[in-house]
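Notes follow the structure.
The values are calculated or read from the model by the stated rules, or taken from the named source; none is laboratory data. Every value quoted in this text rests on a predicted model; they were computed, and no experiment measured them. Every residue, glycine as well, gets a Cβ built from its backbone with ideal geometry; the counts of neighbours run over all protein chains shown.
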């Protein structure tokens, strides 16, 4: 049978069912190793599900931010304030130019995040399916062994011939040990390859965010410097002016109610 690592990508699997215990049938050390490994794999699977959820949430957040800024500009334009204030019109136009420059970047990072984190994790997660198929084969063979053993025990109690059943049981046990060994090997291989896959994905993800936020910071910083330079407003004067405006706004009755 091919390694499941060489198989095609299937549908994303749910949390894996643990292999059935085979105490007294399989070596204790193998049983313990498989059980412990399955716990780690299941934890990692849960972590991958959280990553996929957060990737989706982040992409939605980027989209919401872009849409909120566009709506703010639309509301400023329809409020009538820009019509009576050239300064407000200029500030709105400058803000609009920055937001429009960031729109392609927002769409780019949304796609990039899916490509560098969402898709690789989803594809790797899908490989649980062939691993689980191997687990089911192992559990099904365990049932065969147990049935043979039960039949053998009944024949012994009745003092009947057990040779044929004994041969059948031993053959089933050999197959079980072979499948169990394969499952243990494949599960270890799968688990050990997770880090080499995800590490470059995380690095690419971080680099993508640095690029996006660096671009956003550069655009807005340039806008602020240009705007304040045009109006010759220093930081202290700007803060004092805004504080005075907010003071008057807060004193309005409509705000108090």
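In table form, for the structure just shown:
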| read-out | value |
| --- | --- |
| Test set (1) surrounded by fewer than 13 Cβ atoms within 10 Å (Cβ to Cβ); (2) in contact (Cβ under 8 Å) with a residue 60 or more places away in the chain; (3) in the same structural domain as residue 117 (by TED's automatic domain parsing) - residue 197 fails condition number | (3) |
| Yes/no for residue 205 being crowded, with 16+ Cβ neighbours inside 10 Å and in the same structural domain as residue 69 (by TED's automatic domain parsing) | no |
| The stretch 162-185: number of residues that are out of contact with any helix residue (DSSP H, G or I) (no Cβ under 8 Å at 6 or more places or on another chain) and crowded, with 16+ Cβ neighbours inside 10 Å | 1 |
| Candidates 188, 247, filtered to the one that is at pLDDT 80 or above, surrounded by fewer than 11 Cβ atoms within 10 Å (Cβ to Cβ) and part of a helix (DSSP H, G or I) | 247 |
| Which numbered condition residue 18 fails, given (1) at pLDDT 90 or above; (2) out of contact with any strand residue (DSSP E or B) (no Cβ under 9 Å at 6 or more places or on another chain); (3) in a helix (DSSP H, G or I) | (3) |
